[in-house]
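A short worksheet on the structure shown next.
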Amino acid sequence: MKFTRDEIRSAMLLYAVTDRTWLKGRTLPEVTEEVLKHGATFLQVREKGMDHAAFLAEAERLKEQAGRYHVPFVVNDSIEVALECDADGVHVGQSDIVGKDVRALIGSDKILGISANTVETAVAAEKAGADYIGVGAVFGTTTKQDAKSLTLDALRAICDAVTIPVVAIGGISADNLLQLQGSGVDGVAVVSAIFAQEDPGAATEHLRALAEQLVASHG
């Protein structure tokens, strides 16, 4: 499925990043079905340490789910898995674009997301062909121990420096999401704020409403 730039920007609103650490005996597809049904607008599968065959099988299942909800689906880091399951795209870090043309590897029709945490890396990501930038960590985060928090001014400067959509990530929860008002971001990416909650569906619905309030505040 090919998504336009405007569709990608809209899809940044509530960007769900999977984490199986908190599944509490449920399967990931069971939880992602709830998350998609209750308003997530983008889905990224992130797996560390899973073997290739299992990762591919999981990605294929989640891609089918996201497709039913017309939600873009990308694979974190693994260009190989993204291409094999025909995901909508891939999300990579800054180190993954050094000396490598990821855009050429995935083709022009796939979504390319790149992480950035400075104006310089954000501009470099746009030049590398990114369709959107994931910027963070905006708050302290437990998923990346070495992540430093960005100031609101720094986040605003990054949004002003690029023309492509920007999604904020890192430690975002229902309690602090609206602190990003005035930053100019197109939405928020969350991990534990959804997947660590007792009711991921209800958490998604609440975050979606807050994200809509956040984006509307930018005018």
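Extending 7 Å from the Cα toward the beta-carbon at both residue 118 and residue 96 defines two label points whose distance is 2.1 nm.
Please work out the FRET efficiency for the pair residue 127 and residue 153, using the Cβ-Cβ distance as r and a Förster radius of 25 Å; give the result to the nearest 0.05. If you can, show how the numbers build up before the last one.
On the way: r = 23 Å, r/R0 = 0.93.
For residue 127 and residue 153, the calculated efficiency is 0.60.
For the pair residue 2 and residue 108, label points projected 7 Å from Cα toward Cβ lie 0.9 nm apart. Dimensions of the chain from C-alpha coordinates, computed as largest minus smallest value along each principal axis and given longest first, are 41, 40, 33 Å. Remark: for residue pairs 48/110; 63/100; 48/100; 24/110; 63/110; 24/63, the C-alpha separation exceeds 24 Å in 63/100; 24/110. Quick one: grab the alpha carbon gyration tensor of the range 1-104, order the square roots of its eigenvalues as a ≥ b ≥ c, and give me rounded if a/c is under 1.5, else prolate or oblate depending on whether a/b is larger than b/c. In terms of gyration-tensor shape, oblate.
Each part reduced to its alpha carbon centroid, the range 1-25 and the range 48-127 end up 12 Å apart.
Out of the total accessible area of the chain (probe 1.4 Å, heavy atoms of protein only), what percent is carbon and sulfur? In the chain, the share of accessible area belonging to carbon and sulfur is 51 percent. Applying the Kirkwood pairwise sum to the alpha-carbon positions of the range 1-61 produces a hydrodynamic radius of 12.9 angstrom. Modelled spin labels at residue 23 and residue 163, positioned 7 Å past Cα toward Cβ, are 4.2 nm from each other.
Which order, highest average first, do 81-92, 177-188 follow once you tally other Cβ atoms within 10 Å for each residue and take the mean per peptide? Walk me through the numbers on the way to the answer.
Values: 81-92: 21.9, 177-188: 20.3.
Answer by packing, highest mean first, reads 81-92, 177-188.
Just to confirm a number: summing +1 for Lys and Arg and -1 for Asp and Glu over residues other than residue 39 whose beta-carbon lies under 12 angstrom from that of residue 39, what do you get? If you can, show how the numbers build up before the last one.
On the way: positive: 37, 208; negative: 34, 205, 212.
Counting the neighbours of residue 39, the net charge comes to -1.
Using DSSP loop states and a limit of at most 10 other Cβ atoms within 10 Å to flag trypsin sites (Lys or Arg not before Pro), what is the longest stretch of the chain containing no flagged site?
Working: sites that count: 2, 24, 48.
Here the longest run is 49-219.
For the chain, the per residue solvent-accessible surface stands at 44 Å², with DNA, RNA and ligands left out and a 1.4 Å probe.
The values are calculated or read from the model by the stated rules, or taken from the named source; none is laboratory data. On a predicted model such as this, the values are computed, not experimentally measured, just so you know. Here the Cβ is made from the backbone with ideal geometry for all residues, glycine too, and neighbour counts use every protein chain on show. These accessible areas exclude ligands, DNA and RNA; they are computed on the full protein's heavy atoms, side chains included. Shrake-Rupley method; radii C 1.70, N 1.55, O 1.52, S 1.80 Å.
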